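Down below is the structure, laid out as structure tokens.
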Amino acid sequence: MKREMRAAKYDEFKGPKGVEVGTLEVPELKEGEILVKIKAAGVNPVDAVITNGYYKDMMPHSFPIIPGWDFAGVIEEQGHAARRFKVGDEVFAYARRPEVKWGTFAEYIVIPECYVAKRPENISVEAASAIPLAGLTAYQSLYQYGKLSEGQKLLILGASGGVGSFGIQLAKAKGAEVIGVASSKNHDYMKSLGADHTIEYKDSDVGKAVKEIYPEGVDLIFDCTSGDTLRQSLGSLRDSGKVVSILNQGDDFPKIDFQFVFVEPNALQLDHLRQLVGDGKVKVQVSSVFSLEEVAEALEQIQTLHTTGKIVIRP
Ligand SMILES: NC(=O)c1ccc[n+]([C@@H]2O[C@H](COP(=O)([O-])OP(=O)(O)OC[C@H]3O[C@@H](n4cnc5c(N)ncnc54)[C@H](OP(=O)(O)O)[C@@H]3O)[C@@H](O)[C@H]2O)c1
């Protein structure tokens with residue numbers, strides 16, 4: 001039987017203001033897929049970037065597009081051979097698919113079950129929905145590519161943001177020492193997440209400020225901002241150090257061990273993040289919750305790149 005759902009959607013690349021609520025048919029379940037009723041969906045800067053058409057030459061897009069790549073929800077139906085979970089299981093996922101079309105700011109999503117993991121149950125569904133994209137980005141950048149280890153010194157640029165907040169906590173879970181860079185209004189917040197030191201980027205040279213704290217420099221820079229802040233910070237990288245960036249490909253820095261990361265869906269890593277949340281090592285601060293009708297407003301807020309904590313849509 002055909003099922004309909006309410007969804008935020010857009011038919012042209014007009015930025016957040018082109019997003020409106022409408023009704024769409026829920027796609028049929030295919031082999032290996034599950035139908036999830038979405039209870040909450042985390043908002044990320046990329047959702048706003050996509051409404052402006054920034055990725056249109058890099059990934060296939062098909063209108064109407066439902067924005068959103070994060071969700072937490074409950075399984076309502078299972079397709080043929082989708083048997084890792086059962087109906088009623090509470091799950092979460094980073095739902096970036098090969099084609100940009102079926103997003104998470106909607107009542108339902110149909111998705112291969114391999115994308116999905118059981119969600120942490122010791123936190124709210126809103127907080128759980130804010131973990132996958134930003135949490136996996138920090139996880140892959142620090143653990144998988146940065147190979148961060150106990151006792152290392154880490155500098156995080158943009159450490160109060162969605163990704164940086166997970167970065168601080170994942171680094172502390174590994175036993176690293178962390179300097180967080182963000183504006184002064186966020187320094188107490190970064191310390192509450194575990195940052196050992198904080199630096200303001202607006203009126204100081206970040207690299208020099210790091211050297212005052214660690215004269216020998218840092219082992220790893222996790223770049224979530226790029227621009228002048230990244231350039232300045234390179235002066236504080238040890239000779240053997242490495243940069244992992246989620247914004248910069250590193251072409252301008254050929255002499256530096258530089259790794260660009262574009263986050264990939266990974267259900268096993270989501271399982272590990274759930275354990276870290278369950279152990280109280282990773283917390284999520286939800287700063288605001290919006291309805292489907294308010295998606296454009298949420299996207300306008302996230303694209304300022306000055307959100308503290310995470311914002312969430314509740315369909
Ligand atoms: N490659 C990937 O896979 C990937 C994945 C996720 C995100 N991203 C990108 O990474 C960026 C960060 O994502 P996010 O979700 O963390 O964004 P966010 O939640 O908006 O956080 C951005 C943070 O950066 C800080 N900031 C802004 N300008 C800064 C500067 N010049 N120096 C230092 N800090 C600065 C802000 O703090 P203040 O308000 O205190 O300035 C804010 O806390 C976005 O551009 C996003 O599109 C890429």
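The values are calculated or read from the model by the stated rules, or taken from the named source; none is laboratory data. Just so it is clear, the model here is predicted, and its values are computed rather than measured. Please note: Cβ atoms are built from the backbone with ideal geometry, for glycine as well, and neighbour counts cover all protein chains shown. The protein model used for the area step is the full one, side chains on, heavy atoms only, and it has no ligands, DNA or RNA in it. Shrake-Rupley method; radii C 1.70, N 1.55, O 1.52, S 1.80 Å.
Return the long-range amide H neighbours of SER291 (sequence gap of 5 or more, or a different chain), with a cut-off of under 5 Å between placed amide H atoms.
ARG314
Please work out how much length the chain gains when fully extended from ASN52 to ASP228, using 0.36 nm per residue of separation minus the C-alpha to C-alpha distance, in nm with one decimal.
60.9 nm
By the scheme Lys and Arg +1, Asp and Glu -1, what is the net charge of all other residues having a beta-carbon under 14 Å from that of SER291? Please report the intermediate quantities before stating the final value.
Values: positive: ARG6, LYS39, ARG314; negative: GLU20, GLU107, GLU126, GLU293, GLU294, GLU297.
Net local charge, SER291 excluded: -3.
Convert each backbone phi in the range 168-183 into a coupling constant with the Karplus relation 6.51 cos²θ - 1.76 cosθ + 1.60 (shift: θ = phi - 60°), then list the ³J(HN,Hα) values in order as whole Hz, x for Gly and Pro.
Each residue of the range 168-183 in turn: 4, 6, 5, 5, 5, 4, 8, x, 8, 9, 10, 9, x, 10, 6, 6 Hz.
Send over the per residue convex hull volume for the range 60-208, Cα only, as a whole number of Å³.
162
Grab the DSSP H runs of the chain that are 4 residues or longer, score each as -39,500 (n - 2.57), total them, divide by all residues and round the 222 nm result to the nearest 500 deg cm²/dmol.
When only DSSP H runs of four or more count, the value is -6500 deg cm²/dmol.
Pulled fully out, how much extra length does the chain show between ARG6 and LYS118, if you take 0.36 nm times their separation in residues and subtract their Cα-Cα distance? Please report the intermediate quantities before stating the final value.
Details: separation 112, 0.36 × 112 = 40.32 nm, distance 2.46 nm.
That pair, ARG6 and LYS118, stretches by 37.9 nm at full extension.
Got a sec? Charge dipole of the chain, +1 on Cβ for Lys and Arg, -1 for Asp and Glu; which of GLY32, GLY162, PRO60 is way out at the positive end?
Farthest towards the positive pole: GLY32.
In nanometres, what is the gap between the two model label sites at HIS61 and GLU76, each 7 Å from Cα along Cα-to-Cβ?
2.8
Please give the charge dipole size of the range 122-202, origin at the Cα centre, charges +1 on K and R Cβ atoms and -1 on D and E Cβ atoms. Round to the nearest 20 debye.
Taking the Cα centre of the range 122-202 as origin, the dipole is about 120 debye.
Pull out a ≥ b ≥ c, the square roots of the eigenvalues of the alpha-carbon gyration tensor of the chain, then state rounded if a/c is under 1.5, prolate if not and a/b is larger than b/c, and oblate in the remaining case. Write down the numbers at each step before the final one.
Details: a/c = 2.02, a/b = 1.69, b/c = 1.19.
Prolate shape, in that a/c is at least 1.5 and a/b is the bigger ratio.
For the range 134-260, report the convex hull volume of the alpha-carbon atoms normalised per residue, in Å³, without decimals.
86
Suppose every Lys and Arg Cβ carries +1 and every Asp and Glu Cβ carries -1, with no other charges. What dipole size does the chain come out with about its Cα centre, to the nearest 20 debye?
Approximately 440 debye in magnitude.
Give the aspartates and glutamates reachable from LYS118 as a straight Cα distance under 12 Å; neighbours fewer than 8 places away on the same chain don't count.
Partners found: ASP89, GLU90, ASP271.
Using 0.36 nm times the number of residues separating GLN144 and PHE262, minus their current alpha carbon distance, what extension gain do you get?
Working: separation 118, 0.36 × 118 = 42.48 nm, distance 1.22 nm.
My answer for the length gained is 41.3 nm.
Taking 4 °C and 1.567 mPa s as the conditions, I'd like the Stokes-Einstein D for the range 24-90 in µm²/s, using the Kirkwood hydrodynamic radius from alpha carbon pairs. Don't skip to the end; give the middle numbers.
Numbers: Rh = 13.9 Å.
Answer, rounded: 93 µm²/s.
Averaged per residue, what accessible area in Å² does the chain show with a 1.4 Å probe, protein chains only?
Heavy-atom SASA per residue in the chain reads 43 Å².
Hey, what did the chain get for relative contact order, percent, Cα under 8 Å, at least 6 apart?
In percent, rounded to a whole number, it is 21.
What's the Kirkwood radius of the range 211-295 in Å, using all Cα pairs?
This gives a value of 15.9 Å.
For a 25 Å ceiling on Cα separation, which of these pairs sit above it: LYS174/LYS202; LYS202/LYS310; LYS185/LYS211?
Where the Cα-Cα span goes over 25 Å, the pairs concerned are LYS174/LYS202.
Quickly rank 257-264, 23-30 as a protection proxy: mean count of other C-beta atoms within 10 Å, highest first.
Numbers: 257-264: 16.1, 23-30: 13.6.
Going by the mean number of other Cβ atoms within 10 Å, highest first, we get 257-264, 23-30.
Please list the non-local residues whose amide H lies under 5 Å from the amide H of GLU177, H modeled 1.01 Å from N, same-chain partners needing a gap of 5 or more.
GLY151, GLN152, LYS153, LEU154
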